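Student: Got a structure for you, questions after.
The values are calculated or read from the model by the stated rules, or taken from the named source; none is laboratory data. Bear in mind the structure is a predicted one, so any value in this text is a computation, not a measurement. Quick reminder, even Gly has a Cβ in these numbers, built from the backbone with ideal geometry, and neighbours come from all protein chains shown.
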Amino acid sequence: MSKFGVKQIVPLAIAAICVLFIYTGLTKFGFWDATSGPTPAFVPTIISVVLFVICVLGFITSFKDTKESKFYKEEFLVIGAAVLIIAATFLIGLLPSLAVFLVLWLKLVEKTPWKTTIIILLFLMALVIGVFVLWLGVPFPEGLIMDLIG
Amino acid sequence: MENLQMLLSGFGTVFTPMNLGVCLLGAILGLIVGAMPGIGSLAGCALLLPLTYKFDPTAAIIMLGALYYSNMYGGAFSAILLNIPGDSPAVMTALDGYPMAKKGQPGQALMTANFSSCIGGFIGMIILTFTGPALANVGLKFGPAEMAALMIMALTSIGWLLGDDPIKGTITTLLGFLLAAIGMDTLSGSPRFNFGNIYLMGGISFVPFVIGTVGFSQVIGLMVDRYKETELPKDKLTLRGSMLTGHQFRRLLPVAIRSGFLGTFVGVLPGSGATTAAFLGYAAQKGFKSEEPLGTGAVEGIAACEAANNAAAAGSFAPLLALGIPGSGTGAVLLGGLMMWGLNPGPLLFTNSPDFAWGLIASLFIANVIALAIALGVIPFIVKILAVPVKYMIPAITVICFVGAYSTSNSMYGVVIMVIFGIVGYLFNKAHIPLAPMLLSFVLAPIFESNLRKAFIMSQGSVSIFFSSTLSCVFLGITLLLILAPTIKKIVRKVKASKTQA
């Protein structure tokens, strides 16, 4: 029997989402309209009920699951970096945030030599600016600081 | 005959500098992405989806089709040289490809894979030329009840095929449905399940969702393996040194033709795909004579699975275009892309947008030739491509995920969605829950829901409409069989075990 972990948390979390869908669906839209038939909540409610039952089953059977689910510290570094990039975007914009992320990641996490770091930075930034800014014309956010200066 | 004429007109559509250029670009990118271990066709297509915004729908889907198709070629490279399949269909290729490379014939192993892929692909495409429109003609007879029943059948088979645990497969499939319900109601157009959030009124954007679920989650997972040493061939690979002998070619040809037909049949079935075809192709080869035992570096082993997976990739376009049912996660990304550009795959596609449908089929033929040429040309450089360290790919793919997710909506909402679903995908991977069924159901949910509701409106709420036609009864019967299959298998296994004990 496996310990309580992600294999149990995932079905429980999805079951909670199902409850939210069933509640919202039934209170806001109803299930069946006498004149127009199935309401917008008809299918989502049925799916939620079935999914809820299966999640409960999944939760019960998950304790028999012997497959390993190991988490590693390094994996959370990527998630942390992603959150910091989003936060930094509001200050300095998306492209500068990604450039700073690249340099910091390669230097601090991977201990990459400066030469390789700069080559990767220039290659990726040229690719992103060339394809997304110049070719596709995507207006990337410039951030609070650039807005203040501009 | 009419089909061949339409195919020729499709070639006319593709033979523009722009379409040939995007086909070439897709083939090159697909091969590189497929060859790099850890990315795969699903994440590759998802990451490259934003690049297609600049093109018209025909060019965009030609690029994605070429990308998907050449990915099948690329997946074999790392499977043969590193014993790390670039993609799930290449798992079987590694069984004989890697031992053959170890025997000092890495170039010949790659050549076998490339030529078998090409032969299998052509078989799949020729059959697609005839089955696609035929399937669409059958589809034209479908009413909402038949269509809903077909979707249920396809989704059931997908959930079962892509995971070894039916409960997990069903959870992820149904979750895709719920996520797709957020935003606008398909029939009335009114907002629903946005929980007071204005961003959610437009629903969950498809591209950031896919990039996060399969791309960013993979980046997180790659962190653990980033320092893993890979043993690359020491000798330089040359094109001349990789050539197959006449005897080797004669060994691969009948196997590739046989597997090509088998793979196409698997690919055309709604809900199956290249991975299943590769497994079946290899399993079927066990029943035939091979010069060397399978698993020891046999040419027949590589040819069987490579021809089957490429044939299935081509064959899977038949249900995708004619019925709107993808056979794999990558198929779902292609379908999502089609819908994004305003095209509705289904029985009417061949009638309403023949230029597009036939252009795409013709582009697959061209992509097959281009992919083979690039795959052969890349052999001398492949070791360098495979030598790119994973530790550099992690920040690089992260950057592509961010800019790709932003560029779809020109808003940070896309980026937030990408990161959230990246984390969800990562947790699902840890819980051993398959992700591809969620993408499939996310894409199919609006079509399924509108058909189901239309059927209920027509029948004034009576379930009998689903049993009033033979077709929907057949679909529902197969669905029931698919649901019961794991239980039946268990019972059979138990009976067999008790018999052997006795």
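Student: In segment B:324-364, which residues are among the hydrophobic types (A, V, I, L, M, F, W, C), assigned to a loop (DSSP other than H, G, I, E, B) and over 16 Å from the mean Cα position of the chain (by Cα)? Break it down into steps so the answer makes sense when it comes.
Tutor: Initially, segment B:324-364 is screened for residues among the hydrophobic types (A, V, I, L, M, F, W, C), giving B:325, B:332-335, B:338-341, B:343, B:348-350, B:356-358, B:360-362, B:364.
Okay, now just the ones that are also assigned to a loop (DSSP other than H, G, I, E, B), so B:325, B:341, B:343, B:348.
The answer is B:341, B:343, B:348.
Student: Identify all residues within segment A:89-138 that are among the aromatic types (Phe, Trp, Tyr) and surrounded by fewer than 18 Cβ atoms within 10 Å (Cβ to Cβ); write none if there are none.
Tutor: A:90, A:114, A:123, A:135
Student: Could you please tell me which pairs satisfy a Cβ distance under 8 Å, a separation of 6+ or placement on different chains, a first residue in segment A:76-96 that is at the interface with chain B (Cβ under 7 Å from one of its Cβ atoms) and under 16 Å from residue B:211 (Cβ atoms), and a second residue that is part of a loop (DSSP other than H, G, I, E, B) and of a type in the set (A, V, I, L, M, F, W, C)?
Tutor: Partner pairs satisfying both residue conditions: A:78/B:223; A:94/A:140.
Student: Restricting attention to segment B:433-459, which residues are under 20 Å from the mean Cα position of the chain (by Cα) and within 9 Å of chain A (Cβ to nearest Cβ)?
Tutor: Result: B:433, B:445.
Student: Further, regarding this structure: Does residue B:360 satisfy being closer than 26 Å to residue B:56 by Cβ and crowded, with 24+ Cβ neighbours inside 10 Å?
Tutor: In short, yes.
Student: While we're on this one: Restricting the search to segment A:100-121, which residues are facing chain B (nearest Cβ under 9 Å) and part of a helix (DSSP H, G or I)?
Tutor: Passing the criteria: A:101, A:102, A:105, A:106, A:109, A:116, A:120.
Student: Could you look through segment B:460-490, keep only residues that are more than 14 Å from chain A (Cβ to nearest Cβ) and at pLDDT below 85, and pick out the one that is surrounded by the most Cβ atoms within 10 Å (Cβ to Cβ)?
Tutor: B:482
Student: Examine segment B:109-116 for a residue that is within 14 Å of another protein chain (Cβ to nearest Cβ), assigned to a helix (DSSP H, G or I) and of a type outside the set (S, T, N, Q), and state whether such a residue exists.
Tutor: no
Student: More than 27 Å from residue B:361 (Cβ to Cβ) and of a type in the set (Phe, Trp, Tyr): does that describe residue B:53? Walk me through how you get there before you give the answer.
Tutor: Values: more than 27 Å from residue B:361 (Cβ to Cβ): no; of a type in the set (Phe, Trp, Tyr): yes.
In short, no.
Student: A follow-up question, please. On the given criteria, is residue A:55 touching a residue at least 40 places away in the same chain (Cβ under 8 Å), within 30 Å of residue B:196 (Cα to Cα) and surrounded by 14 or more Cβ atoms within 10 Å (Cβ to Cβ)?
Tutor: It is true that residue A:55 is touching a residue at least 40 places away in the same chain (Cβ under 8 Å), within 30 Å of residue B:196 (Cα to Cα) and surrounded by 14 or more Cβ atoms within 10 Å (Cβ to Cβ).
Student: Follow-up question, since we're still on this one. Please go through (1) touching a strand residue (DSSP E or B) at 6+ places or on another chain (Cβ under 7 Å); (2) surrounded by 24 or more Cβ atoms within 10 Å (Cβ to Cβ); (3) of a type in the set (A, V, I, L, M, F, W, C) for residue B:457 and return the number of the only condition it doesn't satisfy.
Tutor: Among (1) touching a strand residue (DSSP E or B) at 6+ places or on another chain (Cβ under 7 Å); (2) surrounded by 24 or more Cβ atoms within 10 Å (Cβ to Cβ); (3) of a type in the set (A, V, I, L, M, F, W, C), residue B:457 violates only (2).
Student: Going through B:44, B:26 one at a time, which residue ends up being part of a helix (DSSP H, G or I) and touching a Leu at 6+ places or on another chain (Cβ under 6 Å)?
Tutor: Checking each option against the conditions leaves just B:26.
Student: Whether any residue in segment B:172-187 is acidic (Asp, Glu) and not in a helix (DSSP H, G or I) is what I want to check.
Tutor: The answer is yes; a qualifying residue exists.
Student: Return the residue satisfying two criteria in turn: it lies in segment B:386-410 and is facing another protein chain (nearest Cβ under 7 Å) and within 12 Å of residue A:94 (Cα to Cα), and of such residues it is surrounded by the most Cβ atoms within 10 Å (Cβ to Cβ).
Tutor: Applying the filter and picking the extreme gives B:402.
Student: Hey, another quick one. Please go through segment B:5-27 and pick out each residue that is in contact (Cβ under 8 Å) with a residue 12 or more places away in the chain and of a type in the set (Phe, Trp, Tyr).
Tutor: B:11
Student: Collect the residues in segment A:42-70 that are at the interface with another protein chain (Cβ under 7 Å from one of its Cβ atoms) and not in a helix (DSSP H, G or I), keeping them in residue-number order.
Tutor: Keep residues of segment A:42-70 that are at the interface with another protein chain (Cβ under 7 Å from one of its Cβ atoms), which gives A:42-44, A:47-48, A:50-51, A:54-55, A:57-58, A:61, A:67, A:69.
Result: A:67, A:69.
Student: So residue B:413 passes all but one of these: (1) closer than 28 Å to residue A:134 by Cβ; (2) under 25 Å from the mean Cα position of the chain (by Cα); (3) crowded, with 18+ Cβ neighbours inside 10 Å. Which condition number does it fail?
Tutor: Here residue B:413 meets the rest and fails (2).
Student: Just to be sure, is residue B:336 touching a Phe, Trp or Tyr at 6+ places or on another chain (Cβ under 7 Å) and under 21 Å from residue B:150 (Cβ atoms)?
Tutor: Answer is yes for this residue.
Student: Filter segment A:1-29 down to residues that are surrounded by 15 or more Cβ atoms within 10 Å (Cβ to Cβ) and under 25 Å from residue B:463 (Cβ atoms) and give me whichever is farthest from the chain's Cα centre (by Cα).
Tutor: Ranking the qualifying residues of segment A:1-29, first place goes to A:29.
Student: Could you say which residue among B:250, B:240 is more than 14 Å from every other protein chain (Cβ to nearest Cβ) and either buried (at least 21 other Cβ atoms within 10 Å of the Cβ) or at pLDDT below 85 (or both)?
Tutor: On the way: B:250 fails: either buried (at least 21 other Cβ atoms within 10 Å of the Cβ) or at pLDDT below 85 (or both).
One residue alone meets the criteria, B:240.
Student: Within segment A:23-41, track down each residue that is of a type in the set (A, V, I, L, M, F, W, C) and within 10 Å of another protein chain (Cβ to nearest Cβ).
Tutor: Scanning segment A:23-41 gives A:29, A:32, A:34, A:41.
Student: Can you report the number of residues in segment B:205-222 which are buried (at least 24 other Cβ atoms within 10 Å of the Cβ) and either of a type outside the set (Val, Ile, Thr) or within 13 Å of another protein chain (Cβ to nearest Cβ) (or both)?
Tutor: 11
Student: Here's another thing I want to ask about it. Report whether or not residue B:67 is among the aliphatic types (A, V, I, L, M), part of a helix (DSSP H, G or I) and within 23 Å of residue B:403 (Cβ to Cβ). Steps first, please.
Tutor: Values: among the aliphatic types (A, V, I, L, M): yes; part of a helix (DSSP H, G or I): yes; within 23 Å of residue B:403 (Cβ to Cβ): yes.
Taking the combined requirement at face value, the residue satisfies it.
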